[in-house]
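The values are calculated or read from the model by the stated rules, or taken from the named source; none is laboratory data. These figures come from a predicted structure and were not determined experimentally. Because the Cβ atoms are built from the backbone with ideal geometry, glycine has one as well, and the counts that use them run over all protein chains shown. Protein only, heavy atoms only, side chains kept; ligands, DNA and RNA dropped before computing areas. Shrake-Rupley method; radii C 1.70, N 1.55, O 1.52, S 1.80 Å.
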Amino acid sequence: MSALLRVAETHPACHVLGPGSRFVVWVQGCGIGCRECVSPQWIPFEGGRDVPVAELAERVAREAADGLTISGGEPFAQAGALAELVARVRARRDLSVLAYTGYTIEHLRQHGSAAQRRLLAALDVLVDGPYLVGRQAAVRWRGSANQRIHLLTDRHAGLAAEPDESAGLQFEVAADATVRWLGVPPVAGLRPRLEEHLGLNAREAGS
């Protein structure tokens, strides 16, 4: 029987959260609580919706272009279900997989559960570390300079030679005139600044 994953949001074609065009899954729930988190609505574990992993894997395998990015929330809080998701997707297609975590890779390797280590072993790229508002920086796929990109396989080896600069943001306007943005803001406080200065009814999808 397929496990259930508590999902906050998905997007089939994000260009700013990893190499290429990626299917992104944002999970619901995080116990780390970074100050000024870009997606505070995804911190409570009681939010989101339960989605069968098998159903989501079919969708990812069918719709993803270049890879899968897993963010949140805290992905490693649902490591078992996500490890199953990656395995089911890879049974269909050999997609690149990138995940975010507020933990460090050293913590996960030394103190992580068996499920967390399984998820870590399935990744091509890990972006690790908590968001620190005092170290906000315009760096690739991250919000603060303490966060690191780990290339765990050779799939994206060429990334190491590319400039470490912001990938920017992806904005979309829905039919009801609401605005959705994806990516990691290169400046602190993007959400309130958008709401205050542009009067947007913003549906945001952060890192």
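Remark: Asp154 matches the filter, which requires a residue to be out of contact with any His (no Cβ under 9 Å at 6 or more places or on another chain), open to solvent by 30 Å² or more (accessible area, probe 1.4 Å), of a type in the set (Asp, Glu) and within 29 Å of Arg88 (Cα to Cα). Evaluate the stretch 103-111: report whether one residue or more is at pLDDT 95 or above, closer than 21 Å to Gly67 by Cβ and in contact with a strand residue (DSSP E or B) (Cβ under 6 Å, 6 or more places away or on another chain). So far as the stretch 103-111 goes, yes, one or more of its residues are at pLDDT 95 or above, closer than 21 Å to Gly67 by Cβ and in contact with a strand residue (DSSP E or B) (Cβ under 6 Å, 6 or more places away or on another chain). The set of residues from the stretch 38-49 being under 16 Å from the mean Cα position of the chain (by Cα) and without any contact (Cβ under 8 Å) to a residue 24 or more places away in the chain comprises just one member, Pro40.
Is at least one residue of the stretch 29-37 within 16 Å of the chain's Cα centre (by Cα) and free of Cβ contacts under 8 Å to residues at least 24 places away in the same chain? Checking the stretch 29-37: at least one residue is within 16 Å of the chain's Cα centre (by Cα) and free of Cβ contacts under 8 Å to residues at least 24 places away in the same chain.
The one condition from (1) closer than 19 Å to Tyr100 by Cβ; (2) in contact with a Leu (Cβ under 8 Å, 6 or more places away or on another chain); (3) among the hydrophobic types (A, V, I, L, M, F, W, C) that Ala188 does not meet is (2).
Among the residues of the stretch 123-143, those identified as more than 15 Å from the chain's Cα centre (by Cα) and either open to solvent by less than 20 Å² (accessible area, probe 1.4 Å) or free of Cβ contacts under 8 Å to residues at least 60 places away in the same chain (or both) are Gly134, Arg135, Gln136, Ala137, Ala138, Val139. Of the residues Arg135, Arg109, the single one that is more than 21 Å from Leu182 (Cα to Cα) and basic (Lys, Arg) is Arg109.
Could you please find all residues in the stretch 144-181 being assigned to a strand (DSSP E or B), more than 21 Å from Pro12 (Cβ to Cβ) and free of Cβ contacts under 8 Å to residues at least 24 places away in the same chain? Ser144 - this is the single residue of the stretch 144-181 that is assigned to a strand (DSSP E or B), more than 21 Å from Pro12 (Cβ to Cβ) and free of Cβ contacts under 8 Å to residues at least 24 places away in the same chain.
Please determine whether any residue of the stretch 148-158 is touching a Gly at 6+ places or on another chain (Cβ under 8 Å) and modelled with pLDDT of 95 or more. Yes, the stretch 148-158 has at least one match.
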